[in-house]
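Taking it in order: structure first as structure tokens, then the write-up.
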Amino acid sequence: MTFLPDTGYLPTAEDRASLDAWFAEYDAQSAKRDVQSMADLAMFPLNLVSDDAAGNGRAAQWDRERYIATMTQVMGDGGEGITFESTRTPVFLSPALAVVFSDSTMTMDGQSRQLRYADILVRRDGTWAFQTMIQGGWGDNL
């Protein structure tokens with residue numbers, strides 16, 4: 001069982017439902033490898049935090065063009081679609097800020113990979129957007 005920290009904000013059912021709907025949309029665009037639509041769901045500049053092969057923490061900021069170029073390379077452009085089976089644990093800091101921890105199985109072209117990552121999402125004008133991506137093992141590519 002995961003115990004969430006007391007952030008002083010108790011999310012409403014609508015908060016959780018809207019965040020779940022956002023992730024459903026992001027996963028749907030990811031499954032289609034529609035990187036342009038995935039980018040539409042972000043707030044740029046996008047912050048990325050990871051570690052490198054030497055064990056050092058790394059960070060970068062990407063604009064939309066860098067995100068699209070990198071994600072197109074990472075996801076490829078053919079073969080079967082991508083599927084995700086994810087368990088997400090959101091920690092709401094306020095009605096407009098959430099840190100979401102994800103445990104996912106990504107299957108692409110018949111091969112599965114376990115992923116654990118966190119995203120920071122912000123809500124503006126009633127719409128969620130991812131603003132920071134945190135995942136180990138990508139620092140050498142930032």
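The values are calculated or read from the model by the stated rules, or taken from the named source; none is laboratory data. Computed from a predicted model, the values in this text were never measured in an experiment. Every residue, glycine among them, receives a Cβ derived from its backbone with ideal geometry; neighbour counts consider all protein chains shown. These area figures cover heavy atoms from the full protein model, side chains too; ligands, DNA and RNA do not enter into them. Shrake-Rupley method; radii C 1.70, N 1.55, O 1.52, S 1.80 Å.
On inspection, F84 does not qualify as modelled with pLDDT under 95 and open to solvent by 60 Å² or more (accessible area, probe 1.4 Å).
Under 6 Å between Cβ atoms, at least 6 apart or on separate chains: pull out the pairs that start in region 96-119 with a residue that is open to solvent by 50 Å² or more (accessible area, probe 1.4 Å) and end on any residue that is outside any strand (DSSP E or B). Hits for this filter: D109/G79; D109/E80. Of the residues making up region 3-36, those that are within 19 Å of F84 (Cβ to Cβ) and in a loop (DSSP other than H, G, I, E, B) are K32, R33, D34. None of A39, A53 is of a type in the set (G, A, S), outside any strand (DSSP E or B), out of contact with any Leu (no Cβ under 7 Å at 6 or more places or on another chain) and in contact (Cβ under 8 Å) with a residue 60 or more places away in the chain except A53. For A69, the test of being assigned to a helix (DSSP H, G or I), open to solvent by 40 Å² or more (accessible area, probe 1.4 Å), out of contact with any Ser or Thr (no Cβ under 9 Å at 6 or more places or on another chain) and under 24 Å from G137 (Cβ atoms) is passed. Is it the case, given these coordinates, that R123 is in a strand (DSSP E or B), open to solvent by 30 Å² or more (accessible area, probe 1.4 Å), charged (D, E, K, R) and free of Cβ contacts under 8 Å to residues at least 60 places away in the same chain? In short, no.
Considering (1) under 20 Å from L41 (Cα atoms); (2) surrounded by fewer than 16 Cβ atoms within 10 Å (Cβ to Cβ); (3) in contact (Cβ under 8 Å) with a residue 40 or more places away in the chain, the lone condition that V74 does not fulfil carries the number (3).
Of the residues making up region 30-54, those that are open to solvent by less than 40 Å² (accessible area, probe 1.4 Å) and among the hydrophobic types (A, V, I, L, M, F, W, C) are A31, V35, M38, A39, L41, A42, L46, L48.
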